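See below for the structure under consideration.
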Amino acid sequence: MTALLPSAVAAPATTGRRTVSGMDPDPGWWRDAVVYQIYPRSFADGDGDGIGDLLGIRSRLPYLADLGVDAVWLSPFYPSPLADGGYDVVDHRDVDPRLGTLDEFDDLVADAHALGVRVIVDVVPNHTSDRHPWFLEALASPRGSRARGRYVFRDGTGPDGAQPPSDWRSHFGGSAWQPVGDGQWYLHLFAREQPDLNWDQDEVREDFLTTLRFWADRGVDGFRVDVAHALAKDLRHPLRSQPHLDTRLPLDGSDPLYDREEVHEIYRSWRQVLDEYDPPRMAVGETWTPTNPRTYLYSRPDELGQVFDFSLLKAQWGAASFRDVVTRSLAEQLAVGGAPTWVLSSHDVPRHATRYGLPPGTDLDAWLAGDGRAVPLDAEVAARRARAATLLMLALPGSAYLYQGEELGLLEVADLPADRLQDPVYERTGHALKGRDGCRVPIPWTAHERAFGFGDGEPWLPQPEWFADFAASTQEGRADSSLELYRRAIAQRRTLRRPDPVRWLDQVDPEVLHLARGDWHCVVSFADRDHEVDGELLLTSDRAGEQDVRTADGFVLRPETAAWFRR
Ligand code: GLC
């Protein structure tokens with residue numbers, strides 16, 4: 001690893017694309033931001049142990065500033081036995097020694113801020129690690145004790161208490177209850193090593209307010225809230241049946257586990273703490289449910305302000321489906337006064353280029369389970385569509401959340417060997433589902449260095465040979481590369497942004513989407529033939545480049561490309 005030069009971080013002047021003059025002073029910066037998600041263990045390894053770390057992130061901040069992002073969101077870097085990639089937290093107010101120290105975290109924040117990049121951290125309030133001191137205390141304490149009360153312990157059912165307390169299911173497969181050997185069971189909506197906290201307890205509530213203050217005091221600009229919709233549960237005796245996961249949620253707040261009305265009280269209390277700071281700290285909730293009008297309630301101004309809208313991520317590639325999700329999301333979001341969000345990829349789903357490159361209707365779980373061999377992926381189609389979707393996402397009002405590596409057009413690693421898989425999903429589903437490791441493979445920085453420049457050690461997940469083609473170094477300065485498209489798009493977005501609402505315009509072909517914000521237009525073609533468009537072309541996703549598609553009055557929009565223009 002050669003790039004660990006803090007001095008290079010400390011003296012930013014210009015990036016060549018934008019002048020860095022500190023951070024945007026607007027306290028509402030997060031309403032219209034480009035946020036880059038870092039999965040710390042897979043981003044950059046500064047100390048050569050094969051696991052990405054804070055030092056590594058710090059060394060790559062100039063790259064992120066150059067990409068033009070407004071903020072980074074760091075997935076958990078807290079002490080964790082890694083039963084769920086760090087979403088099993090032992091201490092919310094510390095750094096995992098394998099990833100760094102609190103001092104290094106402070107340095108990272110200072111460097112990021114000097115480069116005009118804000119920092120968002122992940123908070124995981126639904127559960128802790130089973131090695132959390134509270135949980136160890138609960139295991140050592142008798143039923144009915146205060147220590148057990150911080151979690152959800154219940155007696156087993158059936159004649160000898162050998163059955164779980166209810167039919168609740170874990171997201172990662174199997175029952176959501178685990179026996180502890182004394183007749184009691186504890187609830188875990190995720191892995192067995194992630195016991196759910198009991199948010200009816202004041203001590204739990206207070207502790208998370210302390211955590212928010214701890215990081216906000218260290219200069220953190222905002223928080224991403226994990227499983228934000230699950231904190232409040234109906235735990236009255238007898239427990240109500242809920243055999244399905246939140247994917248079949250009743251849409252009226254009546255589910256015993258998810259999206260209950262009481263959860264909003266929690267976020268109102270968080271907002272008060274976040275507003276103690278100047279500028280107020282932002283927050284974005286993760287509620288992984290079918291997007292519905294209730295989803296947006298979390299983004300009300302007196303709550304989190306933002307919530308992830310995964311409907312674009314879940315939409316099939318197609319003009320009608322894309323237009324539908326954009327229209328609905330904007331209307332519903334604006335109705336509650338929150339700021340829109342857009343996501344195409346994250347650490348929880350197969351990368352979007354791969355999704356777009358597979359034939360419609362491909363069962364992704366089955367495809368992954370077969371190491372990606374059953375159905376061939378069309379890499380050309382994948383790249384074309386991913387590039388076009390990027391220009392659409394970045395033209396929309398609100399914040400775009402990018403996932404590390406998507407700017408490289410990275411594909412899912414579908415053929416990770418079974419004995420290297422780490423996601424608990426693999427074991428908990430009896431190997432039926434491969435899990436999410438394929439989008440968490442350490443990313444390629446340089447084509448010809450060890451571990452593609454990720455670090456000097458053996459990466460914790462193996463990288464495929466083809467990563468060389470996607471390495472940042474391979475794409476740097478190449479006008480038709482994904483990286484340069486992202487850089488140009490993010491830089492232009494900064495100057496083109498308009499307060500105007502989205503207007504849809506009709507094209508001759510319903511397979512071409514056309515939207516405008518003021519004089520800034522975006523067209524996306526889902527059609528299979530060329531279209532001529534009038535206007536001053538600013539940027540195209542077409543690999544041919546602007547000069548090759550320009551015409552006397554405008555430009556040619558080829559199939560599965562998108563363009564920005566002024567009119
Ligand atoms: C969220 C995270 C996911 C994690 C789960 C449990 O959905 O994004 O990675 O496994 O919560 O914490």
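The values are calculated or read from the model by the stated rules, or taken from the named source; none is laboratory data. A quick note: this is a predicted structure, and the numbers were derived from the prediction, not measured. Cβ placement follows ideal geometry from the backbone for every residue including glycine, while neighbour counts extend to all protein chains displayed. These area figures cover heavy atoms from the full protein model, side chains too; ligands, DNA and RNA do not enter into them. Shrake-Rupley method; radii C 1.70, N 1.55, O 1.52, S 1.80 Å.
Taking the criterion of being more than 30 Å from Gln194 (Cα to Cα), open to solvent by 10 Å² or more (accessible area, probe 1.4 Å) and among the aliphatic types (A, V, I, L, M), no residue of segment 29-87 qualifies.
May I ask you to verify whether Trp177 is in contact with a strand residue (DSSP E or B) (Cβ under 6 Å, 6 or more places away or on another chain), among the hydrophobic types (A, V, I, L, M, F, W, C) and under 24 Å from Asp84 (Cα atoms)? Yes; evaluated as a whole, the condition is true for this residue.
Quick check on Leu245: is it away from the ligand (no atom under 16 Å from the Cβ), of a type in the set (A, V, I, L, M) and open to solvent by 10 Å² or more (accessible area, probe 1.4 Å)?
Working: away from the ligand (no atom under 16 Å from the Cβ): no; of a type in the set (A, V, I, L, M): yes; open to solvent by 10 Å² or more (accessible area, probe 1.4 Å): yes.
No; evaluated as a whole, the condition is false for this residue.
Answer yes or no as to whether Trp460 is touching a Pro at 6+ places or on another chain (Cβ under 8 Å) and in the same structural domain as Ala83 (by the TED database). Don't jump to the end; show me each part of the working.
Working: touching a Pro at 6+ places or on another chain (Cβ under 8 Å): yes; in the same structural domain as Ala83 (by the TED database): yes.
Criteria met by Trp460.
Taking every residue in segment 46-75 that is hydroxyl-bearing (Ser, Thr, Tyr) and pairing it with any residue that is open to solvent by 30 Å² or more (accessible area, probe 1.4 Å), at least 6 positions away or on another chain, the pairs with Cβ-Cβ distances below 6 Å are Ser59/Ala3; Ser59/Leu4. Among residues that are part of a helix (DSSP H, G or I) and not hydrophobic (A, V, I, L, M, F, W, C), Asp130 is not included. Looking across segment 178-213, the residues that are away from the ligand (no atom under 15 Å from the Cβ), open to solvent by 50 Å² or more (accessible area, probe 1.4 Å) and outside any strand (DSSP E or B) come down to Gly181, Asp182, Asp200, Gln201, Asp202, Glu203, Arg205, Glu206, Thr210, Arg213. Annotation note: of Leu344, Leu391, the sole residue that is open to solvent by less than 10 Å² (accessible area, probe 1.4 Å), within 16 Å of the ligand (Cβ to nearest atom) and among the aliphatic types (A, V, I, L, M) is Leu344.
Every residue, every condition in (1) surrounded by 23 or more Cβ atoms within 10 Å (Cβ to Cβ); (2) part of a loop (DSSP other than H, G, I, E, B); (3) of a type in the set (Ser, Thr, Tyr), yes or no:
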{"site": "Ala383", "(1), (2), (3)": "no, no, no"}
{"site": "Pro397", "(1), (2), (3)": "no, yes, no"}
{"site": "Glu412", "(1), (2), (3)": "yes, yes, no"}
{"site": "Lys434", "(1), (2), (3)": "yes, yes, no"}
{"site": "Pro444", "(1), (2), (3)": "yes, yes, no"}
{"site": "Ala447", "(1), (2), (3)": "no, yes, no"}
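Scanning segment 480-522 for residues that are open to solvent by less than 40 Å² (accessible area, probe 1.4 Å), closer than 23 Å to Leu334 by Cα and touching a Ser or Thr at 6+ places or on another chain (Cβ under 9 Å) yields Val502, Leu513. Within segment 82-103, can one find any residue that is of a type in the set (Ser, Thr, Tyr), within 16 Å of the ligand (Cβ to nearest atom), within 26 Å of Ala71 (Cβ to Cβ) and out of contact with any helix residue (DSSP H, G or I) (no Cβ under 7 Å at 6 or more places or on another chain)? Looking for residues that are of a type in the set (Ser, Thr, Tyr), within 16 Å of the ligand (Cβ to nearest atom), within 26 Å of Ala71 (Cβ to Cβ) and out of contact with any helix residue (DSSP H, G or I) (no Cβ under 7 Å at 6 or more places or on another chain), one finds at least one in segment 82-103, hence yes. Scanning segment 209-226 for residues that are within 21 Å of the chain's Cα centre (by Cα) and farther than 12 Å from Val124 by Cα yields Trp215, Ala216, Val220, Asp221, Gly222. Within segment 149-176, residues that are part of a strand (DSSP E or B) reach partners that are among the acidic types (Asp, Glu) and at pLDDT 95 or above with beta carbons closer than 9 Å, at six or more positions or on different chains, in the pairs Tyr151/Asp196; Ser175/Asp167. The residue list Val225, Val263 contains one member that is under 16 Å from Glu286 (Cα atoms), open to solvent by less than 10 Å² (accessible area, probe 1.4 Å) and touching a Pro at 6+ places or on another chain (Cβ under 8 Å), which is Val225. Please indicate, with yes or no, whether at least one residue in segment 273-288 is surrounded by 15 or more Cβ atoms within 10 Å (Cβ to Cβ), charged (D, E, K, R) and within 16 Å of the ligand (Cβ to nearest atom). Looking through segment 273-288, at least one residue is surrounded by 15 or more Cβ atoms within 10 Å (Cβ to Cβ), charged (D, E, K, R) and within 16 Å of the ligand (Cβ to nearest atom). For segment 329-338, the criterion of being in contact with a strand residue (DSSP E or B) (Cβ under 7 Å, 6 or more places away or on another chain) and part of a loop (DSSP other than H, G, I, E, B) is met by at least one residue.
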